[in-house]
Amino acid sequence: MKTKNILSILICSLLLGGGILAALMTFKQNKNLISAHHAVQPLITKSASKKLLTVDVSQSKIFKERLVIDRLIHQSGFSGSALIISHGKVILSKGYYLSNLRSKKYNQPLTAYYIGSITKSVTAIAYMQMQERGWIHLNDTVSKFYPYFPNGNRISMLDLLCHMSGLRDVPETTQPMTRDEVVQTIERHSERLASRPGTVWHYSDTNYALLAAILDRVVQKNDHESLHDYIRQFIFQRAGMLHSGFGDEMLHYAYPSTGYVFQDEHAFVERIPSFTQLIGCGDVYATSWDLYLFDRTIAHATIISRTSRQQILSRHFPGVSYSCGWYINRKGWGANTYSSHGVLGGWNGSNAFTKDKQNYIILLSNVNTPRVQFSKLNRTIFHILRSNSHH
């Protein structure tokens with residue numbers, strides 16, 4: 001191998017781990033090693049040489065992927081934190097642009113974001129855990145928990161989990177509400193169902209707000225605590241999600257983000273509904289790494305059983321790709337994937353992984369703009385990762 005090639009590999013691999021300065025310092029310290037290459041060469045066995053070459057090639061692939069994906073995300077106008085993991089290797093973990101326009105603070109891997117409807121996948125895990133304890137069942141109806149709920153004897157937990165309840169949308173306001181006031185509001189809008197339960201898919205926060213209210217009652221009956229307390233203990237803590245929480249708690253987090261909506265090249269902060277009305281459907285904040293840890297608990301069934309994982313990631317209604325907080329093979333988001341998408345005010349994010357449990361893409365943004373197409377980003381990045389396997 002020529003000295004020039006050794007020098008290129010050394011500098012390239014060091015750039016990946018420590019930057020230009022580290023590479024130059026290391027090169028200076030090892031200049032004698034490079035000049036003595038031919039003397040050392042006989043001591044390197046064939047198998048060791050092959051292993052070193054494999055490592056170099058693998059690192060080179062990751063470096064190239066990182067450059068391509070980084071350029072793709074940057075050019076899309078994405079503002080937020082991106083985490084890309086493939087076959088157990090971190091391909092990219094980076095923040096883009098500002099987390100707050102006034103303070104000029106930048107987004108970074110530890111920046112927290114409201115995850116909007118991705119919250120539904122957390123609520124679904126809480127449901128599955130309670131089902132495993134025998135506290136609740138998929139065929140239980142709403143009337144079991146709220147006896148006077150209109151048509152409650154026709155709407156099952158599975159209907160709520162999959163947006164098949166026939167419930168109408170309920171406008172979300174900035175008015176704080178108790179759990180039961182949220183349910184009463186849903187009741188007033190549900191005197192007449194939009195469709196017969198189990199027949200028409202209609203995505204609505206109403207389904208998960210009602211489901212979360214029911215789970216809150218179930219937890220209080222069995223454990224004498226709130227749904228939020230339950231999720232902290234049995235999901236966040238067990239998954240290692242140390243930088244996740246609920247609602248206004250994010251304001252006290254070390255690295256919060258401010259959500260901005262862009263219109264006509266102008267950014268403004270949009271008022272969001274009261275988090276008390278977003279229970280179970282949009283009141284969680286998290287970091288990109290925490291969502292990856294959450295995904296792994298689902299993919300590898302570590303905080304739920306394999307049976308529960310199968311129920312979460314399977315289609316329950318013909319022609320419906322949504323199940324328990326996740327889209328299964330959502331059109332335009334990449335083949336053989338599970339994905340979740342959430343928007344709240346200026347926050348916009350996606351969370352997705354492949355069915356083989358090898359590729360994970362978490363994109364959490366604090367800028368809501370039509371320019372950034374999350375479906376296209378996910379589809380393209382998954383294609384790049386599959387084209388360059390890292391076994």
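The values are calculated or read from the model by the stated rules, or taken from the named source; none is laboratory data. If you're wondering where the values come from, they're calculated on a predicted model, not measured in any experiment. Here the Cβ positions follow ideal geometry from the backbone for every residue, glycine too, while neighbour counts run over all protein chains shown.
Within the group Asn359, Asn378, Asn336, which residue is modelled with pLDDT of 95 or more and surrounded by fewer than 18 Cβ atoms within 10 Å (Cβ to Cβ)?
Asn336
One line per residue, one yes/no per condition, for (1) out of contact with any Phe, Trp or Tyr (no Cβ under 8 Å at 6 or more places or on another chain); (2) farther than 22 Å from Gly349 by Cβ:
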site	(1), (2)
Phe246	no, no
Tyr253	no, no
Val261	no, no
Asp264	yes, yes
Gln277	yes, no
Leu293	yes, no
Ile303	no, no
Phe317	no, yes
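Has the range 296-309 got at least one residue that is under 14 Å from the mean Cα position of the chain (by Cα) and either under 18 Å from Gly116 (Cβ atoms) or among the basic types (Lys, Arg) (or both)? Before you say what the answer is, go through the steps one by one.
Of the residues in the range 296-309, the ones under 14 Å from the mean Cα position of the chain (by Cα) are 296-299.
Among the residues that remain, those that are also either under 18 Å from Gly116 (Cβ atoms) or among the basic types (Lys, Arg) (or both) are: 296.
Yes, the conditions are met somewhere in the range 296-309.
Okay, residues lined up against (1) part of a loop (DSSP other than H, G, I, E, B); (2) small (Gly, Ala, Ser); (3) surrounded by fewer than 20 Cβ atoms within 10 Å (Cβ to Cβ); (4) over 26 Å from the mean Cα position of the chain (by Cα):
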position: Asp159; (1), (2), (3), (4): no, no, no, no
position: Ser165; (1), (2), (3), (4): yes, yes, no, no
position: Asp169; (1), (2), (3), (4): yes, no, yes, no
position: Gln175; (1), (2), (3), (4): yes, no, yes, yes
position: Asp180; (1), (2), (3), (4): no, no, yes, yes
position: Thr185; (1), (2), (3), (4): no, no, yes, yes
position: Ala194; (1), (2), (3), (4): yes, yes, yes, yes
position: Gly198; (1), (2), (3), (4): yes, yes, yes, yes
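Condition test on Ile118, is it within 27 Å of the chain's Cα centre (by Cα), closer than 22 Å to Val320 by Cα and aliphatic (A, V, I, L, M)? Talk me through it step by step, then tell me what you get.
Numbers: within 27 Å of the chain's Cα centre (by Cα): yes; closer than 22 Å to Val320 by Cα: yes; aliphatic (A, V, I, L, M): yes.
Criteria met by Ile118.
Of the residues Arg315, Arg330, which is in contact with a strand residue (DSSP E or B) (Cβ under 8 Å, 6 or more places away or on another chain) and farther than 16 Å from Phe353 by Cβ?
None of the others qualify; the one that does is Arg315.
Can you find even one residue in the range 295-317 that is of a type in the set (Phe, Trp, Tyr) and within 22 Å of Leu363 (Cβ to Cβ)?
Checked the range 295-317: no residue is of a type in the set (Phe, Trp, Tyr) and within 22 Å of Leu363 (Cβ to Cβ).
Would you say Tyr285 is of a type in the set (Ser, Thr, Tyr), at pLDDT 95 or above, buried (at least 19 other Cβ atoms within 10 Å of the Cβ) and under 25 Å from Lys89 (Cβ atoms)?
Working: of a type in the set (Ser, Thr, Tyr): yes; at pLDDT 95 or above: yes; buried (at least 19 other Cβ atoms within 10 Å of the Cβ): yes; under 25 Å from Lys89 (Cβ atoms): no.
Spelling it out, it is not the case that Tyr285 is of a type in the set (Ser, Thr, Tyr), at pLDDT 95 or above, buried (at least 19 other Cβ atoms within 10 Å of the Cβ) and under 25 Å from Lys89 (Cβ atoms).
Scan the range 322-335 for residues that are of a type outside the set (Gly, Ala, Ser) and either touching a residue at least 60 places away in the same chain (Cβ under 8 Å) or within 16 Å of Gly280 (Cβ to Cβ) (or both) and jot them down. Before you say what the answer is, go through the steps one by one.
So the first thing to find is which residues in the range 322-335 are of a type outside the set (Gly, Ala, Ser), and the list is 322, 324, 326-331, 333.
Correct list: Tyr322, Cys324, Trp326.
Need a quick list: helices (runs of 4 or more DSSP H) entirely within the range 207-321 having at least 1 residues that are touching a helix residue (DSSP H, G or I) at 6+ places or on another chain (Cβ under 7 Å), farther than 28 Å from Gln108 by Cα and assigned by TED's automatic domain parsing to the domain that holds Arg188.
Qualifying helices (runs of 4 or more DSSP H): 227-231, 306-312.
Any residue in the range 150-172 that is assigned by TED's automatic domain parsing to the domain that holds Gln277 sitting within a Cβ distance under 7 Å of a residue that is surrounded by 22 or more Cβ atoms within 10 Å (Cβ to Cβ) and at pLDDT below 95? List the pairs, counting only those 6 or more apart or interchain.
Pairs found: Pro150/Ser190; Asn151/Ser190; Leu167/Ser190; Arg168/Ser190.
Is one or more of the residues making up the range 126-146 within 30 Å of Asn368 (Cβ to Cβ), at pLDDT 95 or above and among the hydrophobic types (A, V, I, L, M, F, W, C)?
Yes, there is a match, as at least one residue in the range 126-146 is within 30 Å of Asn368 (Cβ to Cβ), at pLDDT 95 or above and among the hydrophobic types (A, V, I, L, M, F, W, C).
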